[in-house]
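Presented below is the structure to which this report refers.
The values are calculated or read from the model by the stated rules, or taken from the named source; none is laboratory data. All figures in this text were calculated on a predicted structure; none of them were measured in a lab. In this analysis, Cβ positions are derived from the backbone assuming ideal geometry, glycine residues included, and neighbour counts consider all displayed protein chains.
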Amino acid sequence: MRPQLLAVAALMVASCGAEHHTATDDSSAKMWEEFSGDNALRHVQQLVEYGPRPPGTPALEKSRVYIAQQLESAGWRVTRQAFEDSTPRGTVSFVNLIGTFPAGEPKPSPSFLLCSHYDTKIFDSARFVGANDGGSSNGVLLEIARVLAQRRAIAARVQLVFFDGEEAYVSFTKTDGLYGSRYFAKQLAVSNAARRFRGGIVFDMVGDRSLTVTLPPDSPAGMAQGIFEAADALKVRNHFTYATGGILDDHTPLNEIGIPTIDLIDFDYPPWHTPEDTMDKLSAESLRIVGAVALRYLGEAALR
Ligand SMILES: [Zn+2]
């Protein structure tokens, strides 16, 4: 009996959604079911085909053009936040990509950040294409952007940020690594705009076939709870746990300026920062799990 009842309920939801889609346009009902792991994996494949993508390279510019085209074709507006910073290899030009969704009046301003870094770590003597590290999270974020774009009122409350220069040239210090997120956070802080954002999610290394999302121990407690609940509801709770040690990533500068931000990262990944970080280590299902949990968390908790 139960499966039948569920089927009837699902049909009712489906027909209501179809009838009222343009009228309400803000229903988050089941949007997580629309996330396609195959779509996300195709985006990652495309980025990986550009080759190694360190800051300032033509391959990274191709990535930018690809990401912007995908977002714009789904209805997002994309701006480039360009800046220079000094690195252990001299002055480097970086570009963050920022996506916002144009909405009708009254226009809600974005209040939640969804972020991913799209650069790959530079190696002089190895070909590092970063399928998981620098690739996977962008596939997830582009597919989330497509799903959100079906709901203008929800999409308009979100700002997408694709960070350049997450990777350190030598090792993470106050002045090496997190170039894009440090700059982005600083701009928000100096323009007094940080308070507009009530939270954020950073995606990083979310495609490992053997998926265990390891939340940093200093994750905002309420957000971690919300992610665990969303994972529970989707019956994928076994893929989410806490990391044993601290993790420095693009969420750090955002937390430092007072925007509670959680890092969805699977740091238990043996090919990390090796030439073995290639497409064969990833699965569409892992990307789907992370994308669906994030969308469920947004729809049922963060954007409520
Ligand atoms: Zn990395």
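Filter the range 232-285 for residues that are more than 24 Å from ASP218 (Cα to Cα), in a helix (DSSP H, G or I) and away from the ligand (no atom under 16 Å from the Cβ) and give the result.
Of everything in the range 232-285, those that are more than 24 Å from ASP218 (Cα to Cα), in a helix (DSSP H, G or I) and away from the ligand (no atom under 16 Å from the Cβ) turn out to be MET279, ASP280, ALA284, GLU285.
For the subset of the range 163-178 comprising residues that are touching a strand residue (DSSP E or B) at 6+ places or on another chain (Cβ under 8 Å) and farther than 25 Å from VAL65 by Cβ, which member is farthest from the ligand (Cβ to nearest atom)?
In this case the residue turns out to be THR175.
Under 8 Å between Cβ atoms, which residue pairs at least 6 apart in sequence (or on different chains) link something in the range 89-104 that is under 14 Å from ALA155 (Cβ atoms) and hydroxyl-bearing (Ser, Thr, Tyr) with a partner that is modelled with pLDDT of 95 or more and in a strand (DSSP E or B)?
Final answer for the pair search is THR100/ARG77; THR100/THR79; THR100/GLN159; THR100/LEU160.
Could you list, in sequence order, all residues of the range 191-209 that are modelled with pLDDT under 95 and more than 15 Å from PRO110 (Cα to Cα)?
The one that is modelled with pLDDT under 95 and more than 15 Å from PRO110 (Cα to Cα): SER191.
Select from the range 67-97 the residues that are among the hydrophobic types (A, V, I, L, M, F, W, C) and within 19 Å of GLY291 (Cα to Cα) and list them in ascending order. Break it down into steps so the answer makes sense when it comes.
Kept after step one, since they are among the hydrophobic types (A, V, I, L, M, F, W, C), are these residues of the range 67-97: 67-68, 71, 74, 76, 78, 82-83, 92, 94-95, 97.
Result: ILE67, LEU71, ALA74, TRP76.
Do we find a residue being away from the ligand (no atom under 13 Å from the Cβ), touching a helix residue (DSSP H, G or I) at 6+ places or on another chain (Cβ under 8 Å) and assigned to a loop (DSSP other than H, G, I, E, B) anywhere in the range 154-162? So that I can check it myself, show each step before the final result.
As a first pass, look at the range 154-162 and keep what is away from the ligand (no atom under 13 Å from the Cβ): 154-162.
This time we only want the ones that are touching a helix residue (DSSP H, G or I) at 6+ places or on another chain (Cβ under 8 Å), so: 154-155, 158, 160-162.
Filter once more, so that each one left must be assigned to a loop (DSSP other than H, G, I, E, B): none.
Scanning the range 154-162, I find no residue that is away from the ligand (no atom under 13 Å from the Cβ), touching a helix residue (DSSP H, G or I) at 6+ places or on another chain (Cβ under 8 Å) and assigned to a loop (DSSP other than H, G, I, E, B), so the answer is no.
Only one of ALA230, ALA194 is of a type in the set (A, V, I, L, M, F, W, C) and under 17 Å from the mean Cα position of the chain (by Cα). Can you tell me which?
Working: ALA194 fails: under 17 Å from the mean Cα position of the chain (by Cα).
Result: ALA230 is the single residue among ALA230, ALA194 that is of a type in the set (A, V, I, L, M, F, W, C) and under 17 Å from the mean Cα position of the chain (by Cα).
Give the range 125-153 a look and list any residue that's of a type in the set (D, E, K, R) and within 16 Å of the ligand (Cβ to nearest atom), or say none. So that I can check it myself, show each step before the final result.
Kept after step one, since they are of a type in the set (D, E, K, R), are these residues of the range 125-153: 127, 133, 143, 146, 151-152.
The answer is ARG127, ASP133.
When you scan the range 59-134 for strands (runs of 3 or more DSSP E) that lie fully inside it, which ones turn up with 3 or more residues that are hydroxyl-bearing (Ser, Thr, Tyr)? Show your work before the answer.
Values: elements: 77-87, 90-100, 112-117.
The qualifying strands (runs of 3 or more DSSP E) are 77-87, 90-100.
Testing GLN225 on (1) outside any loop (DSSP other than H, G, I, E, B); (2) over 24 Å from LEU303 (Cα atoms); (3) not hydrophobic (A, V, I, L, M, F, W, C), one condition comes back false. Which one is that?
(2)
Is it true that some residue in the range 101-123 is within 16 Å of the ligand (Cβ to nearest atom), surrounded by fewer than 24 Cβ atoms within 10 Å (Cβ to Cβ) and β-branched (Val, Ile, Thr)?
Scanning the range 101-123 turns up at least one residue that is within 16 Å of the ligand (Cβ to nearest atom), surrounded by fewer than 24 Cβ atoms within 10 Å (Cβ to Cβ) and β-branched (Val, Ile, Thr).
For the range 136-182, give me each residue that is small (Gly, Ala, Ser) and over 18 Å from GLY90 (Cβ atoms).
Kept after step one, since they are small (Gly, Ala, Ser), are these residues of the range 136-182: 136-137, 139, 145, 149, 153, 155-156, 165, 168, 171, 177, 180-181.
Within the range 136-182, SER136, SER137, GLY139, ALA145, ALA149, ALA153, ALA155, ALA156, SER181 qualify.
Checking the conditions here, which among SER181, SER219, SER210 is within 22 Å of SER136 (Cβ to Cβ), buried (at least 17 other Cβ atoms within 10 Å of the Cβ), among the hydroxyl-bearing types (Ser, Thr, Tyr) and away from the ligand (no atom under 16 Å from the Cβ)? Don't jump to the end; show me each part of the working.
Working: SER181 fails: away from the ligand (no atom under 16 Å from the Cβ); SER210 fails: buried (at least 17 other Cβ atoms within 10 Å of the Cβ).
Answer to the check: SER219.
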